[in-house]
2 protein chains.
Amino acid sequence: MADYRDLDRKVIQLGKQIVRMCTDAGSGHPSSALSLVHIVSALMYRVMRYDPKDPWNNASDRLVLSEGHAVPVIYAAYCDLGGVVGSPEAPSELRFDDAMTLRAADSVLDGHPNPAIGFPFFDSATGSLGQGLSIAAGLAAAARLDGLDRKFYCICGDGEAREGQVAEAADFIVDHKLTGVVAIFNCNGQAQNAYVSPQQSPDAIAAKLLAYGWDVRTIDGHNWEEIFGALTAEIGEKPLAIIARTVKGWGVSALQDENSHGKPLGAEMVEAAVAELDAKAGELGEAEAGASDVRVAQLSAPQPAMRPARGGFTAGALADALKTVGLEKAFEDKILSTRRAYGAALNALGADERIVAMDGDVRNSTFAIFFADNHPQRYFEARIAEQNMVSAAVGLAAAGKVPFVSSFAKFLVRAFDQVEMAAVGSANIKLCGSHAGVSLAADGPSQMGLTDMAFFRSLMRSRRADGAPACRIMLPSDAVSAFKLTELMANIDGMCYMRTHRPDVPFVYDENETFRMGGFKHIVDGEDLVIVTSGYMVHVARRAIEALEEQAGLSAGLIDVYSLPVETDEILRIGDDCRGQILVLEDNYVGGIADEITAAAACSDLGVMVDSLVLRSIPKSARTPDETLALVHLGVPDIVSAAQKMFDQSE
Amino acid sequence: MADYRDLDRKVIQLGKQIVRMCTDAGSGHPSSALSLVHIVSALMYRVMRYDPKDPWNNASDRLVLSEGHAVPVIYAAYCDLGGVVGSPEAPSELRFDDAMTLRAADSVLDGHPNPAIGFPFFDSATGSLGQGLSIAAGLAAAARLDGLDRKFYCICGDGEAREGQVAEAADFIVDHKLTGVVAIFNCNGQAQNAYVSPQQSPDAIAAKLLAYGWDVRTIDGHNWEEIFGALTAEIGEKPLAIIARTVKGWGVSALQDENSHGKPLGAEMVEAAVAELDAKAGELGEAEAGASDVRVAQLSAPQPAMRPARGGFTAGALADALKTVGLEKAFEDKILSTRRAYGAALNALGADERIVAMDGDVRNSTFAIFFADNHPQRYFEARIAEQNMVSAAVGLAAAGKVPFVSSFAKFLVRAFDQVEMAAVGSANIKLCGSHAGVSLAADGPSQMGLTDMAFFRSLMRSRRADGAPACRIMLPSDAVSAFKLTELMANIDGMCYMRTHRPDVPFVYDENETFRMGGFKHIVDGEDLVIVTSGYMVHVARRAIEALEEQAGLSAGLIDVYSLPVETDEILRIGDDCRGQILVLEDNYVGGIADEITAAAACSDLGVMVDSLVLRSIPKSARTPDETLALVHLGVPDIVSAAQKMFDQSE
């Protein structure tokens, strides 16, 4: 039998630190952390091939803490190991007692894991439950592309295993044979407000995973032999899940009852808890209490360091890219849908090995199919499971890939929580929502992206720790802008969201037009008012401008806001030159461009009037885009009448 | 062997209609519909106990079409049955050829199922995949509460079974023994862009469901004996799943290849398809082609009609409700968190049997626990699976219950797609997101509701088919408003979302204060500017107003926007009286109250200046709310300086 005395000492030492740091912080989840103290110690001190002094090494094994609230155990161990935090440019080494800064305003030891604020041991932000296994899957997919032998240990809670995304990830990992993932289910039997359901018992979780096609090993999560037996098991054709029976609040009886989730001990109880852990040390035999200098030897040396390169992507010329996918005729005719142009750009960008793509069973609608057909090894079909898709993309991005993720804009709503978590962790993912707005027409509101602008704008207006917007939004109106903006997305460091549309539309721009973040195009000059819009509505607006001229003799200008954030001051200035009148058009619910412009107008001195036609009712099916636009009062006659009313009121 | 000649004739007749109606509409999913033609015929003509002339009967069996795109088969059958559509006040009977109005602008036969536009055969809007089984679960839960023997047949696609929500529903149904649900998996082997994964083969789906604790029967979905054997099987302790092997595009070879999803036949191909179906009829023996007057006898009579009552809910007096849950001291001290007041109100409302509640493992944080403890039979613990929770609430609401659904506001983001679908279907659900904004502090951004205002406002500004807002938003600042607004939510017909907060705060209002939709409270008079805010920020604003008076001699007013939509014109008028200066405060990302006010200001003649302090960076942990507010520039000093700057600029 192997000697685990060093590790026994370690868990006592870490256990005491966990209790202290949470009490000192006044919050945190010591009971969850204690249930993992053996497993995490086994991983971080012995099994994982990594160097705590180089957390940016993209060749090392990684740990994904899906149940992010258990993070104090990781912080305690990482501080003990002298792990490095900060940025590669400004690294700093933690010391044992830095764990006591948990949750402080100036500490990188956040309440839940987050690499974006300077804790690079983690690849992604977690804490919203059920996302870790997908992230680990993405990391493993990237490692395979890079030909790297890496392991990704993902710790999930038992209560957390109820999240449907875990089932999605289990399928995805089997589909793509991502055996680099080792899933560890921490079955401490308690969730926040109650014992877990029998549906999440160790036996139930094991039975389910077997049905999903996994290998399963059930262990005592506080028994070293069993832990190391499982963690060092040979991995076969199937991915491995370790079902670990653990004790919530291990070693501290005051943290073991049903009501102990997410509650630190009162200061007056810490001494007794420490004494109990010391007594536990005594029981364990050789273990000595308080030995803070214990060093545990890793089983294998860390991998040589590797850093992924960034930027420098090109999609080449539009004509070439369209020809490659059989769309030369569209280029000649200068008519193409934005979704097809996106697909052509993505396919062209795929010449660079760092570009990867995912889609959720609609690649023949989003036109990710061009990439899938030409770069099959870098295309990961996610099937009808959008949550896993977005989180897996976060994993791919963390390993240095640039993942493009597409689905119907409506179906990406399914993953808004995952998108928000990606933003929290500054994940470099690119999202493309097709069939945005109402121009999809006949399929009705269950297939239309309508809340997307409000949601993504709320992220777009928020800044990451490094000051960049948490999200950029791309709003192409034609094939040229869709193509160029797809290329731009690849070269931006950070999350981007592009809206594409179903209908074929004429080119608005010359193929050599350039596009940049913040910019817009003033594509029609006008005198009496200026219409501000984007995407498919640019084409509707053009028809409305003609009708305004014909029917009312009004001269309306047109601005194409092809991306957000946009230089609103410039738009207001143009509006000021057009009798101070701006009419914004959007084929989505409230919360997009109109709000951007009105927010700017409200604190501007120019006194520009801003009116808007935005989708203000839940649409229904109609057989053509024009019929749908008429139903929701966004058709050409509606625009004409709104513009005329604005003009009349200003007279 | 039973005689199925009538049904054989029926499927041919319906098959031909499916082909024709999709071709005529120019879009739709005939291949999916044809794969279900036997199962749907068996259900709608024979097995279901219902009356097509009374689709509002809340005692009848129901069909939930989770794979909403297959709806042409339902429309064809319902039209053939002379089913009733419209509203109970204005019912109208369909005729066979009304199926040809599929997807037309003025038809109730929308692209995907939606009761809100007048197709009451369905209980909810579907089409965003994976939600039906949860909806059926909610319907079954309501039926059990009502003591009604009802069956809920839910048809899911095989590709759709990949959605994690299906796994969540499978757990939920077992947890709550909702054996009124019969799940039917339509295994036609094809999704949109490819054959389904082996993970969604009939065998794999069966193995998984067995592991989830279901009974499983696998059948040939085009064999009457097997279909009726399964549909009329005795249900035991476990819920029943029927795994039906089917043929996509049954009967029409042109619709059977891998590329036929979501595509109608060209007009020139219809004749051949009809001939093929006629030939199929010949093969079946007795069946006669074109027999449009075939009538199939139901196995059982429909249940007597039942209509749930609406409205008339009361929570009683605040003092009493707080006392009931042991909070009399809080009432005396006039200090209580909004989340506790919500819980007390919900518990008091629970005196009415129509009120039901759900929570996702955090009832001791949201304080749904008061209801759970006192009305356990009407409390449905959803565990850590928010998507299923929201869709199950849709089912409960469809059966006449008034479900209150609570979780952390952040965790409800997980169900935004389900929320949006609930809005599409005008579901009468009440959502409460606790720990909204940044006042949660130490737990960090993975636990804070920050994108919620943008999302729910985008729904709030959209109108349902009946003209009402698709969502109302409740923003209580204290226990009194939280209590009264919870009562108001119960009495509103339609979706409501309430934000509550973690910290205890002093009462702002007298216990007899009244609240109404559209209203706001002008709680502090001021002369130099007016601050507009809600929720926890009301308390921060009060401190800022004191500091402004002390430090700068400025007199600032305060408006508490306790709900949205709000009468913005009135707020602008008050701003006009305060030197035309409004400062909006929000502890969420862009997209909430500030945008409401600026949108109103931008098309107002008053020339009021609107500035705002809104969360413009991704927060991190800090140990107290004030520390967090300081990190995100929303603290008292930030408000003072913003107000002062506004004032200085106006001088």
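Tell me yes or no: at least one residue of the range B:223-241 is under 20 Å from residue B:12 (Cα atoms), small (Gly, Ala, Ser) and open to solvent by 10 Å² or more (accessible area, probe 1.4 Å).
Filtering the range B:223-241 for residues under 20 Å from residue B:12 (Cα atoms) gives B:223-228.
Right, trim to small (Gly, Ala, Ser) and you get none.
No, there is no match, as no residue in the range B:223-241 is under 20 Å from residue B:12 (Cα atoms), small (Gly, Ala, Ser) and open to solvent by 10 Å² or more (accessible area, probe 1.4 Å).
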If the requirement is being open to solvent by 10 Å² or more (accessible area, probe 1.4 Å) and not hydrophobic (A, V, I, L, M, F, W, C), which of these qualifies: B:612, B:621? B:612
All conditions in (1) acidic (Asp, Glu); (2) surrounded by fewer than 19 Cβ atoms within 10 Å (Cβ to Cβ); (3) without any contact (Cβ under 8 Å) to a residue 40 or more places away in the chain are true of residue B:93 except (3)
Would you check which residues across the range A:113-133 are open to solvent by 10 Å² or more (accessible area, probe 1.4 Å) and within 7 Å of chain B (Cβ to nearest Cβ) and list them? A:117, A:129
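Anything in the range B:458-480 that is of a type in the set (D, E, K, R) and within 16 Å of residue B:500 (Cα to Cα)? List them, or say none. Break it down into steps so the answer makes sense when it comes.
Let us first name the residues in the range B:458-480 that are of a type in the set (D, E, K, R), namely B:461, B:463-464, B:466, B:472, B:478.
Answer for the range B:458-480, where residues must be of a type in the set (D, E, K, R) and within 16 Å of residue B:500 (Cα to Cα): B:472, B:478.
Listed residues A:319, A:372, A:351, A:392; which is within 11 Å of another protein chain (Cβ to nearest Cβ) and not hydroxyl-bearing (Ser, Thr, Tyr)? Lay out the reasoning, then the answer.
Numbers: A:319 fails: within 11 Å of another protein chain (Cβ to nearest Cβ); A:351 fails: within 11 Å of another protein chain (Cβ to nearest Cβ); A:392 fails: within 11 Å of another protein chain (Cβ to nearest Cβ).
Exactly one residue qualifies, and that residue is A:372.
Against the condition open to solvent by 30 Å² or more (accessible area, probe 1.4 Å), touching a residue at least 12 places away in the same chain (Cβ under 8 Å) and under 20 Å from residue B:265 (Cα atoms), how does residue B:49 come out, does it pass?
Values: open to solvent by 30 Å² or more (accessible area, probe 1.4 Å): yes; touching a residue at least 12 places away in the same chain (Cβ under 8 Å): yes; under 20 Å from residue B:265 (Cα atoms): no.
Taking the combined requirement at face value, the residue does not satisfy it.
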Being of a type in the set (A, V, I, L, M, F, W, C), closer than 23 Å to residue A:452 by Cβ and assigned to a helix (DSSP H, G or I), is that true of even one residue in the range A:518-526? no
Given the criteria on the phi > 0 side of the Ramachandran plot, in contact (Cβ under 8 Å) with a residue 24 or more places away in the chain, under 14 Å from the mean Cα position of the chain (by Cα) and in the same structural domain as residue B:475 (by TED's automatic domain parsing), does residue B:426 qualify? yes
Take the conditions over 14 Å from residue A:647 (Cα atoms), aliphatic (A, V, I, L, M) and modelled with pLDDT under 95 and apply them to residue A:594. Does it pass? no
Determine whether residue A:606 is in the same structural domain as residue A:572 (by TED's automatic domain parsing), open to solvent by 70 Å² or more (accessible area, probe 1.4 Å) and either touching a residue at least 24 places away in the same chain (Cβ under 8 Å) or of a type in the set (Ser, Thr, Tyr) (or both). yes
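Being away from every other protein chain (no Cβ under 14 Å), buried (at least 23 other Cβ atoms within 10 Å of the Cβ) and in contact with a strand residue (DSSP E or B) (Cβ under 6 Å, 6 or more places away or on another chain), is that true of even one residue in the range B:154-175? Please lay out each step first, then the result.
If we filter the range B:154-175 for residues that are away from every other protein chain (no Cβ under 14 Å), which is where we start, we get B:154-155.
Still in the list and also buried (at least 23 other Cβ atoms within 10 Å of the Cβ): B:154-155.
Now narrow it down to the ones that are in contact with a strand residue (DSSP E or B) (Cβ under 6 Å, 6 or more places away or on another chain): B:154-155.
For the range B:154-175, residues away from every other protein chain (no Cβ under 14 Å), buried (at least 23 other Cβ atoms within 10 Å of the Cβ) and in contact with a strand residue (DSSP E or B) (Cβ under 6 Å, 6 or more places away or on another chain): present.
Yes/no per residue for (1) within 26 Å of residue A:209 (Cα to Cα); (2) free of Cβ contacts under 8 Å to residues at least 40 places away in the same chain:
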| site | (1), (2) |
| --- | --- |
| B:133 | yes, no |
| B:142 | no, no |
| B:147 | no, yes |
| B:150 | no, no |
| B:156 | yes, no |
| B:165 | yes, no |
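The rows are residues; the columns are (1) in the same structural domain as residue B:436 (by TED's automatic domain parsing); (2) without any contact (Cβ under 8 Å) to a residue 40 or more places away in the chain; (3) under 20 Å from residue B:474 (Cα atoms); (4) in a loop (DSSP other than H, G, I, E, B).
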{"site": "B:341", "(1), (2), (3), (4)": "yes, no, yes, no"}
{"site": "B:344", "(1), (2), (3), (4)": "yes, no, yes, no"}
{"site": "B:347", "(1), (2), (3), (4)": "yes, yes, yes, no"}
{"site": "B:351", "(1), (2), (3), (4)": "yes, yes, no, yes"}
{"site": "B:356", "(1), (2), (3), (4)": "yes, no, yes, no"}
{"site": "B:364", "(1), (2), (3), (4)": "yes, yes, no, no"}
{"site": "B:372", "(1), (2), (3), (4)": "yes, yes, no, no"}
{"site": "B:377", "(1), (2), (3), (4)": "yes, no, no, no"}
Among (1) under 30 Å from residue A:614 (Cα atoms); (2) over 12 Å from the mean Cα position of the chain (by Cα) - the single one residue B:447 does not satisfy: (1)
Does at least one position in the range B:190-212 carry a residue that is among the aromatic types (Phe, Trp, Tyr) and closer than 27 Å to residue B:465 by Cβ? no
Which one of these does residue B:23 not meet: (1) part of a helix (DSSP H, G or I); (2) more than 14 Å from chain A (Cβ to nearest Cβ); (3) open to solvent by 10 Å² or more (accessible area, probe 1.4 Å)? (2)
Test of understanding: among A:367, A:331, which residue is touching a Lys or Arg at 6+ places or on another chain (Cβ under 8 Å), surrounded by fewer than 24 Cβ atoms within 10 Å (Cβ to Cβ) and aromatic (Phe, Trp, Tyr)? A:331
Residue A:598, sole failed condition from (1) open to solvent by less than 30 Å² (accessible area, probe 1.4 Å); (2) in contact (Cβ under 8 Å) with a residue 24 or more places away in the chain; (3) part of a helix (DSSP H, G or I): (2)
Identify, please: which residue in the range A:185-243 is aliphatic (A, V, I, L, M) and in a loop (DSSP other than H, G, I, E, B) and is, among those, farthest from residue B:209 (Cα to Cα)? A:233
Considering only residues that are touching a residue at least 60 places away in the same chain (Cβ under 8 Å) and crowded, with 24+ Cβ neighbours inside 10 Å, look in the range A:398-411 and name the one that is nearest to residue A:307 (Cα to Cα). A:399
Kindly indicate whether any position in the range B:507-527 is within 14 Å of chain A (Cβ to nearest Cβ) and open to solvent by less than 40 Å² (accessible area, probe 1.4 Å). no
State which residue is nearest to the other protein chains (Cβ to nearest Cβ) when the search covers only the range B:85-112 and only residues that are part of a loop (DSSP other than H, G, I, E, B) and over 20 Å from residue B:20 (Cβ atoms). B:87
Give the number of residues within the range A:598-634 that are more than 8 Å from chain B (Cβ to nearest Cβ), acidic (Asp, Glu) and closer than 30 Å to residue B:107 by Cβ. 1
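The values are calculated or read from the model by the stated rules, or taken from the named source; none is laboratory data. Note that the structure is a prediction, hence the values are computed from the model and not measured. FYI the Cβ positions are ideal-geometry reconstructions off the backbone, even for glycines, and counts take in every protein chain you see. Just so you know, the surface numbers come from the protein's heavy atoms only, side chains and all, with ligands and any DNA or RNA stripped out. Shrake-Rupley method; radii C 1.70, N 1.55, O 1.52, S 1.80 Å.
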